[in-house]
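First the structure, in the form of structure tokens, and then the observations on it.
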Amino acid sequence: MKEQLSLLLLFFYIMNYNTTVKIDSSMLVPWHKRLLNLLIDVAVLILIFIAIGFIGVITSFLGSDAILIWFEQIDGLTDRIVTTLVMSAYLFISEFLTQKSIGKMITGTMVVMQDGSKPTAKAILIRALCRIISLEALSFIAKIPRGWHDTASNTYVVDAKKYKAALEIKNSFEEIGSTQLQ
């Protein structure tokens with residue numbers, strides 16, 4: 001009896017320090033939600049550049065035309081580099097801080113590590129940098145889409161409600177065990 005109780009205590013001790021949820025295929029987001037995330041995030045990127053242009057107009061009224069002149073003189077390659085860097089920075093900052101971009105917030109999705117934990121800064125940076133690969137969109141041509149930025153960073157985009165429900169179920173089992181042990 002003591003051995004069984006000890007094993008049970010050990011089991012609940014281990015369970016209390018495991019704050020992850022196993023990611024299963026039912027939590028994964030379908031391709032159309034992934035596409036919607038992208039379209040919304042591209043719209044956010046456009047709004048960011050409109051805001052920069054607006055700042056340029058304001059600074060022009062204040063006597064500095066530097067931003068507007070830069071916009072007028074920018075070439076195609078520089079435009080692509082700046083756009084890519086701004087998009088990567090936007091996605092890195094939002095996904096690192098909240099596990100979501102604005103697109104993911106609207107569609108109810110989130111980024112998690114393979115084990116269900118919050119992504120590390122390194123994983124989010126890898127996700128952001130992999131998006132620079134121009135052919136990366138081809139990696140979504142699959143029954144269950146998982147982009148190179150997901151594979152390289154060991155992350156998944158999951159339905160936030162399904163993930164949280166699985167976490168609540170796991171935590172309720174842990175609570176049942178800890179309540180009975182007290």
- request: State whether the residues of segment 141-148 include one that is more than 30 Å from Leu77 (Cβ to Cβ), β-branched (Val, Ile, Thr), in contact with a Ser or Thr (Cβ under 7 Å, 6 or more places away or on another chain) and at pLDDT 85 or above.
  value: no
task: Would you point out the residue of segment 138-161, among those that are touching a residue at least 40 places away in the same chain (Cβ under 8 Å) and assigned to a helix (DSSP H, G or I), that is farthest from Met27 (Cα to Cα)?
output: Phe140
- prompt: For segment 10-22, how many residues are of a type in the set (Phe, Trp, Tyr) and either open to solvent by less than 80 Å² (accessible area, probe 1.4 Å) or modelled with pLDDT of 60 or more (or both)?
  reply: 1
- line: Counting only helices (runs of 4 or more DSSP H) entirely within segment 23-122, those with at least 1 residues that are modelled with pLDDT under 95 are 31-61, 66-73, 76-98
task: Go through segment 78-91 and give me each residue that's hydrophobic (A, V, I, L, M, F, W, C) and either open to solvent by 60 Å² or more (accessible area, probe 1.4 Å) or in contact with a Pro (Cβ under 6 Å, 6 or more places away or on another chain) (or both).
output: Ile81, Leu85
query: touching a Ser or Thr at 6+ places or on another chain (Cβ under 6 Å) and farther than 30 Å from Thr120 by Cβ, is that true of Leu68?
result: yes
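The values are calculated or read from the model by the stated rules, or taken from the named source; none is laboratory data. Just so we're clear, the structure is a prediction, and the values are computed from it rather than from any experiment. In this analysis, Cβ positions are derived from the backbone assuming ideal geometry, glycine residues included, and neighbour counts consider all displayed protein chains. Side chains are part of the model used for accessible areas, which takes the heavy atoms of the whole protein and leaves out ligands, DNA and RNA. Shrake-Rupley method; radii C 1.70, N 1.55, O 1.52, S 1.80 Å.
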